[in-house]
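Report on the structure given below.
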Amino acid sequence: AYYYWLNDMYMNVRIPLPINSNPGMVFPPRRFKTVHDVAHFAARLLDGILAHKEMLDSGDLPLERAASREKHQPLCMAQYYRLLGSCRRPGVERDSQYLPKRAQTNPDIDEDRHVVLICRNQMYCVVLQACDRGKLSESEIASQILYVLSDAPCLPAKPAPVGLLTAEPRSQWAQDREALQWDERNRRNLELIETALVVLCLDEPLGVNFNARGFTGATPTMHTAGDRDETNMAHEMIHGGGSEFNSANRWFDKTMQLIICTDGSWGLCYEHSTSEGIAVVQLLEKIYKNIVDHPDDDNGLPQHHLPPPERLEWHLNAQVERRFAEAALTVDKAIDNLDFYVYRYKGYGKNFVKSCQVSPDVYIQLALQLAHYKLYGHLVATYESASTRRFLHGRVDCIRAASTEALEWAKAMCQGEGANVPLESDREDDEEDARKVKFSIYSKDHLRELFRCAVARQTEVMVKNILGSGIDIPLLGLREASVEVTGELHELFTDESYKISQCFLLSTSQVACSTDSFMGYGPVTPRGYGCSYNPQPEQIVFCVSAFYACEDTSASRYAKSLQDSLDIMHDLLQN
């Protein structure tokens, strides 16, 4: 089912990549005193990327094995080999992927290894390893980056925002890419970008207007860069901040875009079709930890005869030039519509959850259901990705957390109160709460029993999925095969209930990080929420997203409901 799934999940989807598909990840900010610090840090990241590529090519990537549920089963490693040197390509009807050939299967490959740097919309090609002169040392890479940082601000004319076109609806970008291809130099630029190991974006800071719009009593931000908070940094990684900021300083088709801002915030934006988050997180955390553990390492002296990085120049016709203004409007409108909030719940973390003999993932999924029920008085189709890497080419199936058991428990936890949906300010809510008389219809023992039933159900669904007995991938296989065999959709897939089941108003995933980092993304439907979470020992980091255009949803309001839900779950289960 891999290609059925890939096309359905990514390649056939026509909406733009930023916000809708590409996640953004924020790492703990750095403290840069000078531009040399920026270049040195960027060089260390690129040196780590190059070392990782060498390991992949030598076949030394260790095979991972399942850590639970039928332990020690080998896991498919294919997605780890697709991260570097790959790129998505737009198509008018369906996108495709450029994937590099595996060096193990083709040992004669002796190619230059390069990255593309983008600074103030100007692109540069930096060759990290050439057939004729070997590999650059860290200080040599740093000197190449310094050249870019000093050259880009001094260009006689502002570079054309070609990267902005990659943020357009896919069919439109496919047509624009065709229009670029008429010129040989443009074709070469596209090839350099698509075959680069990664793209490195050197950014300017966003304004404080991107800071969180939280709720009264919310925990303050943990990371800061100047006056910018964590929510602000997440916006930068997800979409760049708009056509006037860094959204043209991107190539959203590129599998891995490392983003470093002059104020110390850094992270990445990744194109989701080649891999799940775990492969990306593991690669970058490994490199980052090495930098933190060995702050002063440098490998070798600079060669003084290095040619400067090649500036990529585009030849643009009037048709493409016209598209920039239209693309800027589309992108800026989408960014203005994104309601995003990085919320740290500090009441407790996974240590308490484990003491209740519950899997942290199952517990948080039930908290997400309760938070939704408290606001709306009903549950919705919920997507949680479940890794199916025990199977060849396995990626994910869908854990559906909105079970009957979860609904019965959520209803009982709300003690028969109605939905809390009107979007009033929190202050009015607080006054109302003070006037309400609190009473319990259900005993704690009864609520705990309902909770245990919901936990058992959620656990059962999770285990079925990771062992290959989910329902969504088989249904997708039947749907696509029925079209191939009979030429038309089977009636099951035109049924109203099937359509409802496929509209995920709550799209969630656990992105566990071993550093104090987090990854977020937009909702997958105009009326929905996106919610990733990173459970830590004594806190849980949530990235909640919604769209302002939908009057019924609000990221900060959902976060507030999550806080309330996690608090009352603690009261229910402590002791």
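The values are calculated or read from the model by the stated rules, or taken from the named source; none is laboratory data. Values in this document were obtained by computation on a predicted structure and should not be read as measured data. Positions of Cβ are generated from backbone atoms using ideal geometry, with glycine treated the same way; all protein chains shown enter the neighbour counts. Areas reflect the complete protein model, heavy atoms only, side chains present, ligands, DNA and RNA absent. Shrake-Rupley method; radii C 1.70, N 1.55, O 1.52, S 1.80 Å.
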Review point. For Phe518, which sequence-distant residues (separation of 5 or more, or a different chain) have an amide H within less than 5 Å of its own amide H, given hydrogens modelled in the peptide plane?
Key: Val26
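Find the relative contact order for the chain and round it to a whole percent, using C-alpha pairs within less than 8 Å whose residues are 6+ positions apart. List each step's numbers first, then the result.
Working: 1041 pairs, mean separation 113.5, N = 575.
Rounded, it is 20 percent for the chain.
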Practice item. Could you let me know the centre-to-centre spacing of segment 137-210 and segment 364-404, using Cα atoms, in angstrom? Key: 37
Review point. What is the list of residues in segment 445-473 whose amide nitrogen lies under 12 Å from a point 7 angstrom out from the Cα of Thr404, following Cα to Cβ?
Key: none
Exercise for review: Using a 1.4 Å probe over the heavy atoms of the protein chains, calculate the carbon and sulfur portion of the accessible area of segment 145-194 as a whole percent.
Suggested key: 51
Check your understanding: Quick one: how many Å² of His294 are accessible to a 1.4 Å probe, rounded to 10?
Key -> 80
Point to revise | Lys289 versus Asp112: modelled label distance in nm, points set 7 Å from Cα along the beta carbon direction | key: 3.5
Point to revise | Vicinal HN-Hα couplings computed from phi for segment 551-568 (Karplus, 6.51 cos²θ - 1.76 cosθ + 1.60; Hz; Gly/Pro x) | key: 6, 8, 10, 7, 4, 5, 5, 5, 4, 4, 5, 4, 4, 4, 5, 5, 5, 6
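Per residue, what volume in Å³ does the convex hull of the Cα atoms of the chain enclose?
Output value, Cα hull per residue: 167 Å³.
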Practice item. Report the accessible area of Arg30, computed with a 1.4 Å probe over the heavy atoms of all protein chains in place, in Å² rounded to the nearest 10. Key: 60
Study note, to complete from the structure: Rounded to the nearest 10 degrees, the helix 404-413 long axis (Cα) sits at an angle to the longest Cα principal axis of the chain of 70
Exercise for review: Enter the Cα centre distance for the pair segment 212-250 and segment 1-56, rounded to the nearest angstrom.
Suggested key: 17
Study note, to complete from the structure: With all protein chains present and a 1.4 Å probe, the order of Ser139, Ser387 from largest accessible area down is Ser387, Ser139
Review point. On a 0 to 90 degree scale, rounded to 10, what angle separates helix 230-239 from the longest Cα axis of the chain?
Key: 60
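Roughly how big is the chain's charge dipole about its Cα centre, with Cβ charges of +1 (Lys, Arg) and -1 (Asp, Glu), in debye to the nearest 20? Walk me through the numbers on the way to the answer.
Numbers: 59 positive and 79 negative charges, 156 e Å.
About 760 debye.
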Practice item. Over the chain, average the accessible area per residue using a 1.4 Å probe and give it in Å², no decimals. Key: 43
Practice item. Before rounding to the nearest 500, sum -39500 (n - 2.57) across all DSSP H runs of length at least 4 in the chain and divide by the residue total; then give [θ] at 222 nm in deg cm²/dmol. Key: -12000 deg cm²/dmol
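So, with a 1.4 angstrom probe, what is the percent of accessible area on segment 29-133 that is carbon and sulfur? Please report the intermediate quantities before stating the final value.
Details: 2410 of 5150 Å².
That share works out to 47 percent.
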Study note, to complete from the structure: Rounded to the nearest 5, the percent of DSSP beta bridges in the chain running antiparallel is 70
Practice item. Among Ile193, Ala174, Ala212, flag the residue with its Cα farthest along the positive direction of the charge dipole of segment 151-263, charges on Cβ as +1 for Lys/Arg and -1 for Asp/Glu. Key: Ala174
Study note, to complete from the structure: By the C-alpha gyration tensor axes a ≥ b ≥ c (rounded if a/c is under 1.5, else prolate when a/b exceeds b/c, else oblate), the shape of segment 268-403 is oblate
Practice item. Provide the per-residue ³J(HN,Hα) series for segment 276-292, in order, calculated from phi with Karplus coefficients 6.51, -1.76, 1.60 and θ = phi - 60°, each as a whole number of Hz, with x at glycine and proline positions. Key: 7, x, 4, 5, 5, 4, 4, 4, 6, 5, 4, 5, 5, 5, 5, 5, 5
Review point. Rank Tyr288, Tyr98 by accessible area, highest first, at a 1.4 Å probe radius?
Key: Tyr98, Tyr288
Practice item. Given a cut-off of 28 Å, name the pairs among Lys411/Lys499; Lys346/Lys444; Lys350/Lys499; Lys53/Lys346; Lys135/Lys254; Lys254/Lys346 whose C-alpha atoms lie farther apart than that in the structure shown. Key: Lys350/Lys499; Lys53/Lys346; Lys254/Lys346
Review point. Mind listing P(r) for segment 1-103? All alpha-carbon pairs, 5 Å bins, whole percents.
Key: 2, 9, 12, 15, 15, 18, 16, 9, 4, 1, 0
Exercise for review: Find which of Pro62, Leu84, Leu165 sits farthest along the positive direction of the dipole of segment 49-174, computed with +1 on the beta-carbon of Lys and Arg, -1 on that of Asp and Glu, about the Cα centre.
Suggested key: Leu165
Practice item. Using only Cα atoms, tell me the angle between helix 426-435 and the longest principal axis of the chain; keep it within 0 to 90° and round to the nearest 10. Key: 20
Check your understanding: Roughly how big is segment 225-380's charge dipole about its Cα centre, with Cβ charges of +1 (Lys, Arg) and -1 (Asp, Glu), in debye to the nearest 20?
Key -> 680
Revision key, fill the gap. Once all protein chains are kept in place, Arg185 shows an accessible area at probe 1.4 Å, nearest 10 Å², of 110
**Study point:** Most positive-pole-ward Cα, Cys453, Ile141, Ile278, against dipole of the chain from beta carbon charges
**Key:** Cys453
Exercise for review: Run the dipole for segment 1-60 about the Cα centre, Lys and Arg Cβ at +1, Asp and Glu Cβ at -1, nothing else charged, and hand back the magnitude in debye, nearest 20.
Suggested key: 400
Practice item. Kindly write out, for segment 185-196 in residue order, the coupling ³J(HN,Hα) from the Karplus curve 6.51 cos²θ - 1.76 cosθ + 1.60 (θ = phi - 60°), rounded to whole Hz, with x marking Gly and Pro. Key: 5, 4, 4, 5, 4, 4, 5, 4, 5, 5, 8, 4
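Find how much the distance from Gln73 to Glu54 grows on full extension, using 0.36 nm per residue of separation minus their present alpha carbon separation; answer in nm with one decimal.
Details: separation 19, 0.36 × 19 = 6.84 nm, distance 2.64 nm.
Length gained, Gln73 through Glu54: 4.2 nm.
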